[in-house]
Amino acid sequence: SDLLGDFALKRQNMNRDWNRNRLQKVMTEAVIMERLTASPYISYTYGHCGFSVAVELCPVDIAKRILPHTNFQFDRGMVDQAELDRKSDVYPLNNFTDIEKLDVVLSMTSSLAETHGFDTGPVATRDIAVNQWLQTDDNRLVLNDFDNALFLAYNASSGSYRPFFSAHVGSLKAPEEMKPGYLTEAADIWKVGGLIFSVLTGLLPYYNELHHAKAAGDDASTEIDDKIEAGIPPFLDPRYKTRSFIEGRLVNIMEQCYRKNPEDRVSIFDVVQFIQRTK
């Protein structure tokens, strides 16, 4: 486009049904991106029509850097714990420096702070994973996926935002998502713990269990579900706490995200402040 320059067209997957539900998802994404397009942490949007949204070009898939392939991995982000145990030291599977890890986490959490701080009330992003972020030509890391987001409604009688009824969305759940029920944006925070885990280690949360489930041909792991329901966070080598100042701080705030009770978790604004102070 002579007017916009290079841009990308996000469109409805041709293999999915074109129905009212899918149209609502596209419209929700378009509204959120339009209202937050001034933010450097949210993908710029130029407009939408029907089942398509025009957005800025983001040529770098940051997930491939966060969860790189290695010659001993069964799949990206999954590995047998025995492989790691053969190493004499902690062995992150990505090549980020400590400062890069801090910057990636700061960008990711800052974008989620934009949604939780939406001017009409919190927006629960719900589907949170490293592949929801892309890197732009000017090296900004932007959140680029909102089709599962929900606007929380305000209850004037109670003076608070209403929980929303939902089953699980995304690959890894928060404990309260294990059974259909009422949720708040705090469900996002458990998954923020997973983002930090992946940036820190180069692995998916519950990487060992995922590896063995996939090797057995299972799409899901009941072992992981049982641990999440019990509020048990993924195993992290304890040496990360003392490996460096920055990594120790990332473990600290990650643990505050991985609290079973939603009311006990930090807010996304607390996470951003913690990372900014660390930086």
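Figure legend. Inter-residue proximity from region 257-272: first residues within 20 Å of P205 (Cα to Cα) and open to solvent by 20 Å² or more (accessible area, probe 1.4 Å), second residues modelled with pLDDT under 95 and among the basic types (K, R), beta-carbon distance below 6 Å, spacing 6+ or different chains. No pairs are indicated.
Take the residues of region 210-244 that are in contact (Cβ under 8 Å) with a residue 60 or more places away in the chain and of a type outside the set (D, E, K, R): which is most open to solvent (accessible area, probe 1.4 Å)?
Of all residues in region 210-244, those in contact (Cβ under 8 Å) with a residue 60 or more places away in the chain come to 210-212, 214-215, 235, 237, 239-240, 243-244.
Checking which are of a type outside the set (D, E, K, R) leaves us with 210-212, 215, 235, 240, 244.
Numbers: L210: 41, H211: 26, H212: 90, A215: 65, F235: 116, Y240: 11, S244: 28 Å².
Among those that are in contact (Cβ under 8 Å) with a residue 60 or more places away in the chain and of a type outside the set (D, E, K, R), it is F235.
Filtered by the rule that a residue be at pLDDT 75 or above, open to solvent by 50 Å² or more (accessible area, probe 1.4 Å) and more than 30 Å from M27 (Cα to Cα), region 50-83 gives R65, R76, E83.
Would you pick out the residues in region 84-98 that are in a helix (DSSP H, G or I) and open to solvent by 30 Å² or more (accessible area, probe 1.4 Å)? Walk me through how you get there before you give the answer.
Residues of region 84-98 that are in a helix (DSSP H, G or I), as a first pass: 84-85, 98.
Result: D85, D98.
From the set of residues in region 161-198 that are of a type in the set (S, T, Y) and open to solvent by less than 50 Å² (accessible area, probe 1.4 Å), which is nearest to D237 (Cα to Cα)? Step through it out loud before you land on a result.
Filtering region 161-198 for residues of a type in the set (S, T, Y) gives 161, 166, 171, 182, 184, 198.
Filter once more, keeping what is open to solvent by less than 50 Å² (accessible area, probe 1.4 Å): 166, 198.
On the way: S166: 33, S198: 13 Å.
Across region 161-198, the extreme among qualifying residues is S198.
When S110 is tested against the conditions (1) open to solvent by 30 Å² or more (accessible area, probe 1.4 Å); (2) closer than 20 Å to R249 by Cβ; (3) small (G, A, S), the lone failure is (1).
Considering only region 185-279, give the helices (runs of 4 or more DSSP H) lying wholly within it that have at least 1 residues that are closer than 30 Å to F151 by Cα and out of contact with any Lys or Arg (no Cβ under 9 Å at 6 or more places or on another chain). Outline the logic, then answer.
Numbers: elements: 186-201, 207-215, 222-229, 240-243, 245-257, 268-278.
Counting at least 1 such residues, we get 186-201, 222-229, 245-257, 268-278.
Only one of the numbered conditions (1) farther than 18 Å from F118 by Cβ; (2) touching a residue at least 24 places away in the same chain (Cβ under 8 Å) is not met by T28, and that is (1). Checked against (1) more than 19 Å from I189 (Cβ to Cβ); (2) in contact with a Lys or Arg (Cβ under 9 Å, 6 or more places away or on another chain); (3) not hydrophobic (A, V, I, L, M, F, W, C), D127 passes all but a single condition, namely (1).
The values are calculated or read from the model by the stated rules, or taken from the named source; none is laboratory data. The structure displayed is predicted, hence computed values, not measured ones. No Cβ is skipped: glycine too gets one built from the backbone with ideal geometry, and neighbour counts run over all protein chains shown. Remember, those area values only see protein heavy atoms, side chains included, never the ligands or the DNA or RNA. Shrake-Rupley method; radii C 1.70, N 1.55, O 1.52, S 1.80 Å.
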